[in-house]
1. Quickly run through region 80-100 and pick out the residues that are in contact (Cβ under 8 Å) with a residue 24 or more places away in the chain and of a type in the set (Ser, Thr, Tyr).
2. If Leu131 meets every condition in (1) of a type in the set (A, V, I, L, M, F, W, C); (2) farther than 19 Å from Gly42 by Cβ; (3) surrounded by fewer than 19 Cβ atoms within 10 Å (Cβ to Cβ) apart from one, which number is that one?
3. Restricting to region 100-110, what's the tally of residues that are within 20 Å of Val19 (Cα to Cα) and surrounded by fewer than 22 Cβ atoms within 10 Å (Cβ to Cβ)?
4. Looking only at region 78-99, filter to residues that are in contact with an Asp or Glu (Cβ under 7 Å, 6 or more places away or on another chain) and more than 20 Å from Val41 (Cα to Cα); which one of those is surrounded by the most Cβ atoms within 10 Å (Cβ to Cβ)?
5. Can you tell me which residue within region 61-88, out of those that are part of a loop (DSSP other than H, G, I, E, B) and modelled with pLDDT of 90 or more, is farthest from Val118 (Cα to Cα)?
6. Is it true that some residue in region 69-79 is in contact (Cβ under 8 Å) with a residue 12 or more places away in the chain and under 22 Å from Tyr138 (Cα atoms)?
7. In region 129-145, how many residues are modelled with pLDDT of 90 or more and hydrophobic (A, V, I, L, M, F, W, C)?
8. What is the number of the single condition among (1) part of a strand (DSSP E or B); (2) touching a residue at least 40 places away in the same chain (Cβ under 8 Å); (3) closer than 26 Å to Gly43 by Cα that Val106 does not meet?
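The values are calculated or read from the model by the stated rules, or taken from the named source; none is laboratory data. No experiment lies behind these values; they were computed from the predicted model shown. Using ideal geometry, Cβ is built from the backbone for each residue, glycine included, and neighbour counts are taken over all protein chains shown.
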Amino acid sequence: MVPVEVLTLIASPAPSPSVLVLKPDEKPVAPGKSRVVPIFVGGPEAVSLGMALENMRFARPTTHDLFLDTITNLDATIDHVLINRVKGKMFFSKLVLSQHGRLIEVDARPSDAIALAVREDAPLFIDEDVLDTASYPYLYRTPFDEKQQLAEFHSFLETLEPEDFREDSEQ
């Protein structure tokens, strides 16, 4: 099992699918290179995921809130989510509950399981074989470090001489 985190949710208007992008917690394969796992989800699933990611709460419980209340009232918690299989573009997962020291696996769509786990801050995992099968390379730039750039610019300014601005007629 490899830990993953939600990198982003790309919501698209119907009829286009939305995309939940997961990023494994692993060492980059090379500097600036990593892997991502895109999972296509429908519109209602994207809305629910978006609400979970934005930590939105409403006066009345949503379906996911109702399910979480039920789990809590049964004296259980969400232990973790495992994305354990992929067939074509369809992913499968297990919502793993903990109740009195025992683990209970429930078959769930990844979008539902992740929406629940995000609401409860439970860990997300992906099977290594699924990661190898369904991941894509992801290139990223290192974050812009303003302090470092400013220090390099000041260093450059300190080494400037008036001669640096003269045109050399022999060149």
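1. none
2. The failed condition is (3).
3. 2
4. Applying the filter and picking the extreme gives Ile78.
5. Once the filter is applied, the top-ranked residue is Gly88.
6. no
7. Counting residues in region 129-145 that are modelled with pLDDT of 90 or more and hydrophobic (A, V, I, L, M, F, W, C) gives 3.
8. Among (1) part of a strand (DSSP E or B); (2) touching a residue at least 40 places away in the same chain (Cβ under 8 Å); (3) closer than 26 Å to Gly43 by Cα, the lone unmet condition for Val106 is (2).
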